[in-house]
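Enquirer: Here's a structure for you.
Every number here is computed from the coordinates shown, using simple stated rules; none is lab data. Just so we're clear, the structure is a prediction, and the values are computed from it rather than from any experiment. Cβ atoms come from the backbone with ideal geometry, glycine included; neighbour counts cover every protein chain shown.
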Amino acid sequence: MDHTSRRSFLAASAALAAAGVLQAHARAHQPQGDAKAPNDPHKRGPVVIASLNGRPACDRAAELLAQGYDPADAVVQGVRIVEDDPNDDSVGYGGLPNADGVVELDSCVMHGPTHKSGAVAGIRNIKNPAMVALRVLRETDHCLLVGEGAYLFAISKGFRHEDLLTDHARREWLNWKHNMSRDDDWLNDDERDAPSGKTWDLLPWQSAPGDDNTPRTNDGPDFRKKTSARPYIMEVTGTVHCSALTAGGDIASVTSTSGLNWKIPGRVGDSPIIGAGNYCDNDIGAAGSTGRGEANITTCASARIVDFMERGMSPTEACLAMCDYIVKHTKEKRLLRPDGTPNFDLKFYALRKDGAYGAASLFSGGQFSAFDGSGPAKVLPMAFRLQRPNA
Ligand code: ASP
């Protein structure tokens, strides 16, 4: 395809995607620089992109790439920083638990050069699910291990059994439990009489300096308290995604999460599902997603974004086309706002073989991280399709 016809193809495909009706067209040639959107930074590797909370992961992965590590090891060791961080309650240690108060983690890794993936879902008591997923990729013939099997596999490989529930996550879980239904036997906040003074709610072994001794501190962001009215953002979510392109043009990607907080025990999200929360093709690029996993699973979001890039879209265009696809395919009434658009958010990240990268979220205000040559990684705004309410 020459440059002129390629440009017409791009204009046509962008218009079709915007209308939500992109159909299968003849495969475009390998994407070249002319396919990038004006705001898509563009260079060859090394490039590492990540969700906003993955900024340290970008720098660590870039460091390891410079030392000659395989891109899968680089991204997995990058997100390990986030998995180990007790203050990130969406991933690994300190992740918010399921409805029973148990932390269950999901992760998958994909390795472009071998087009192989490894994943674990619903794994308990293992802090670094991405490292276990990489073991599944490298040391088994399988793509996905779940629950007890994933745990036993990790233990057999020398991973340690650890308690992943931090006090912060436990308090958040109890707060949710108390307020989840007016009809249950847990008193909602507005059903409790105010005490006559300070209450001593520390357990005997807890004497953290600075703790104000309140049992249910409601110390999360405000929207966590909105358990009954949900006009926007159905669940508090968070996840880390990281994709890397080496100087030699190889690609790997990883997604790791504790999933939706208060999920039904056993629920598996999109993060360990290849093609949904993570996907890469060494000839095209990588994509990942964070946000409402069910929407990613039912739309095969990450594989679709890579496919959009193969058809000629830039990374940002591909992520925006995926937003349009989600809007078009969100049909359940409980998931719609009065104007017919989704009441949940999703974020998409894409990195192309030639080093172009971009990201988009359904709602405005999203940011992502990128290392594209020199550190520290930058924080960049995401493109978006819908204005965040009250923004
Ligand atoms: N995608 C994750 C899941 O559904 C959650 C998130 O990204 O916040 O498990």
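Enquirer: Between Leu203 and Arg138, what is the spin-label point distance in nm, taking each point 7 Å from the Cα along the Cα→C-beta axis?
Expert: 3.6
Enquirer: Please give the peptides 312-324, 99-111 ranked by average Cβ packing (other Cβ atoms within 10 Å per residue), highest first, as a rough proxy for protection. Walk me through the intermediate numbers first.
Expert: On the way: 312-324: 27.2, 99-111: 25.4.
By packing density, highest mean first, the sequence is 312-324, 99-111.
Enquirer: Tally Lys and Arg at +1 and Asp and Glu at -1 over the other residues with C-beta under 10 Å from the C-beta of Phe384: what net charge comes out? Intermediate values should be presented prior to the final figure.
Expert: Working: positive: Lys347, Arg385, Arg388; negative: Asp345.
Cβ neighbours under 10 Å give a net charge of +2.
Enquirer: Same structure, new question: Grab the beta carbon distance between Ser374 and Asp85, set R0 = 30 Å, and tell me the FRET efficiency rounded to 0.05. Before the final figure, lay out each step's value.
Expert: Details: r = 24 Å, r/R0 = 0.81.
Efficiency, rounded to the nearest 0.05: 0.80.
Enquirer: Related question: What's the center-to-center distance, using Cα atoms, between the range 80-119 and the range 252-321 in Å?
Expert: Using only Cα atoms to place each centre, the spacing works out to 14 Å.
Enquirer: Give the aspartates and glutamates reachable from Lys198 as a straight Cα distance under 19 Å; neighbours fewer than 8 places away on the same chain don't count.
Expert: Partners within reach: Asp189, Asp190, Asp211, Asp212, Asp219.
Enquirer: Still on this structure: With label points built 7 Å along Cα→Cβ from the Cα atoms of His115 and Ala247, find their separation and express it in nm.
Expert: Computed distance between label sites His115 and Ala247 equals 2.8 nm.
Enquirer: Next question, about the same structure. Can you tell me the FRET efficiency between Leu335 and Arg182 if r is taken as the Cβ-Cβ distance and R0 is 22 Å, rounded to the nearest 0.05?
Expert: On the way: r = 23 Å, r/R0 = 1.06.
Using R0 = 22 Å, I get an efficiency of 0.40.
Enquirer: Quick one: Cα centre-to-centre distance for the range 329-391 and the range 130-167, in angstrom?
Expert: Computed from Cα coordinates, the inter-centre distance equals 30 Å.
Enquirer: Show me the ranking of peptides 115-123, 295-303 by mean Cβ neighbours inside 10 Å, starting with the highest. Intermediate results must be reported in sequence, preceding the final value.
Expert: On the way: 115-123: 24.4, 295-303: 22.1.
Ranking, from highest mean packing down: 115-123, 295-303.
Enquirer: Test of understanding: what is the full-extension gain from Leu152 to Asp283, defined as 0.36 nm times their sequence separation minus their Cα-Cα distance? Mind dumping the intermediate values first?
Expert: Numbers: separation 131, 0.36 × 131 = 47.16 nm, distance 3.48 nm.
Residue separation times 0.36 nm, minus the Cα-Cα distance, leaves 43.7 nm.
Enquirer: Quick one: net charge around Tyr93, please, counting Lys, Arg +1 and Asp, Glu -1 for every other residue with C-beta under 14 Å from its C-beta.
Expert: On the way: positive: Arg80, Arg124, Lys127, Arg160, Arg170; negative: Glu83, Asp84, Asp85, Asp88, Asp89, Glu104, Glu162, Asp163, Asp167.
Net charge around Tyr93: -4.
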